[in-house]
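*Asks:* My questions will all concern the structure given below.
The values are calculated or read from the model by the stated rules, or taken from the named source; none is laboratory data. None of the values given here were measured: they were computed from a predicted structure. Cβ atoms come from the backbone with ideal geometry, glycine included; neighbour counts cover every protein chain shown. Keep in mind that these areas ignore ligands, DNA and RNA; they rest on the heavy atoms of the full protein, side chains included. Shrake-Rupley method; radii C 1.70, N 1.55, O 1.52, S 1.80 Å.
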Amino acid sequence: MGTNESKQAQRTVKLGSTGPEVFPLGLGCMGMSGMYGATDDAESIRTIQTAIDRGVTLIDTGDFYGMGHNEMLVGRAIVGRREKVQLSVKFGALRGPDNSWGGMDTRPAAVKNFVAYSLKRLGVDVIDIYRPARLDPAVPIEDTIGAIADLVKAGYVRHIGLSEVGVETIRRAHRVHPIVDLQIEYAVSTRGPEAEIFPVLKELGISATLYGVLSRGLLSGSKPQGKGDYRAYLPRFTGANGEKNEDVVAAIHRFAQERKLTPGQLAIAWVLARQPAFVPVVGSKTVAQLDDALGALSRPLSKEDAAALESLVKISGDRYGEEQMRHLDSERR
């Protein structure tokens, strides 16, 4: 670890006015459970453990990633390291044995059920940050947050977060119990939250954990790897959009090379430059990818380069398919 990276590693970011202090990058583990093609459990565990040993403190998972596989994987990786990490867990998405998606369930009874299974799979007594993965349109957010607040009082959860919700939902949730962070997609190619959501977070003293900072690998040139890769169904990777975006990605690679950065480091450095009070969550599946991501900490991007990159990146296509976009509370205007 270089001198500049060491200085960054010593810096922490506080999640909200009531949340924990965390390392300036988090590790998202979804990709370790097959969402983006084939994975290797041994390499995944090495990656998580290496991240912790390098100072990363925020580990993000979801009980529906691989139908519990991801939580069990994280549980194995943190044995002997539990006191060094903050576990962020999403819940509520329903899955079928055929990998199908069945909507959301965030009723208070379901919340208690989900957390019981997560605690067991992770092998822990308490979850640091617990959050519904999406808004359940059938359940008032006050009921869901109230149920998690009961878990906080009972000692099973330390803090409450949100994921992919809009400003009205954020305000309503925060009135029930302090929210420490909103998890939302944000990248040089996905800047929607800047308009309304980020100002409300600042007003209320809520932080953000930012996923998709590489736009699911698009910005680094990664492509869908076979049938099981979720990205094969996303508009930015397919059809005419995919072809147009290849030209943009090539320009990004040239821009990065001129500044002696990898495309992944450039994408992360842009987020760190634009939102220094928030925490990018990188989805590294291997130690090599993790090393690359951490390298961004020692290569800050100037305001001039950040602006130049923004003018270069004109990505075609939405981040999700039409039906998913329609159901995202964070996309409602």
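*Asks:* Considering each residue of the range 160-208, count those that are closer than 26 Å to Ser311 by Cα and hydroxyl-bearing (Ser, Thr, Tyr), and give that number.
*Replies:* 3
*Asks:* Next up: For Thr50, only one of the following conditions fails: (1) over 17 Å from Ala296 (Cβ atoms); (2) open to solvent by 10 Å² or more (accessible area, probe 1.4 Å). What is its number?
*Replies:* Evaluating Thr50 over (1) over 17 Å from Ala296 (Cβ atoms); (2) open to solvent by 10 Å² or more (accessible area, probe 1.4 Å) leaves (1) as the failure.
*Asks:* For the range 274-296, name all the residues that are among the polar types (S, T, N, Q) and either more than 22 Å from Ser88 (Cα to Cα) or open to solvent by 40 Å² or more (accessible area, probe 1.4 Å) (or both).
*Replies:* If the condition is that a residue be among the polar types (S, T, N, Q) and either more than 22 Å from Ser88 (Cα to Cα) or open to solvent by 40 Å² or more (accessible area, probe 1.4 Å) (or both), then Thr286, Gln289 are the ones that fit.
*Asks:* For Leu151, all conditions in the list (1) over 21 Å from the mean Cα position of the chain (by Cα); (2) closer than 22 Å to Arg95 by Cα hold save one; what is the number of the exception?
*Replies:* (2)
*Asks:* Within the range 57-100, track down each residue that is charged (D, E, K, R) and either surrounded by 24 or more Cβ atoms within 10 Å (Cβ to Cβ) or within 16 Å of the chain's Cα centre (by Cα) (or both).
*Replies:* Within the range 57-100, Asp60, Asp63, Glu71, Lys90 meet the criteria.
*Asks:* Scan the range 18-28 and give yes if some residue there is assigned to a helix (DSSP H, G or I), open to solvent by 10 Å² or more (accessible area, probe 1.4 Å) and modelled with pLDDT under 95, otherwise no.
*Replies:* Within the range 18-28, none of the residues are assigned to a helix (DSSP H, G or I), open to solvent by 10 Å² or more (accessible area, probe 1.4 Å) and modelled with pLDDT under 95.
*Asks:* Residues being at positive phi and touching a Gly at 6+ places or on another chain (Cβ under 7 Å): count how many of those fall in the range 53-106.
*Replies:* Here the count works out to 1.
*Asks:* Name every residue in the range 197-215 that is touching a Lys or Arg at 6+ places or on another chain (Cβ under 8 Å) and at pLDDT 95 or above, in order of residue number.
*Replies:* Val200, Leu204, Ser207
*Asks:* Further question: Without any contact (Cβ under 8 Å) to a residue 12 or more places away in the chain and either part of a helix (DSSP H, G or I) or more than 23 Å from Ser207 (Cα to Cα) (or both) - does that describe any residue in the range 263-276?
*Replies:* Scanning the range 263-276 turns up no residue that is without any contact (Cβ under 8 Å) to a residue 12 or more places away in the chain and either part of a helix (DSSP H, G or I) or more than 23 Å from Ser207 (Cα to Cα) (or both).
*Asks:* When residues of the range 101-131 are filtered for being under 20 Å from Thr61 (Cβ atoms), open to solvent by less than 60 Å² (accessible area, probe 1.4 Å) and in a helix (DSSP H, G or I), how many remain?
*Replies:* Final tally of qualifying residues: 8.
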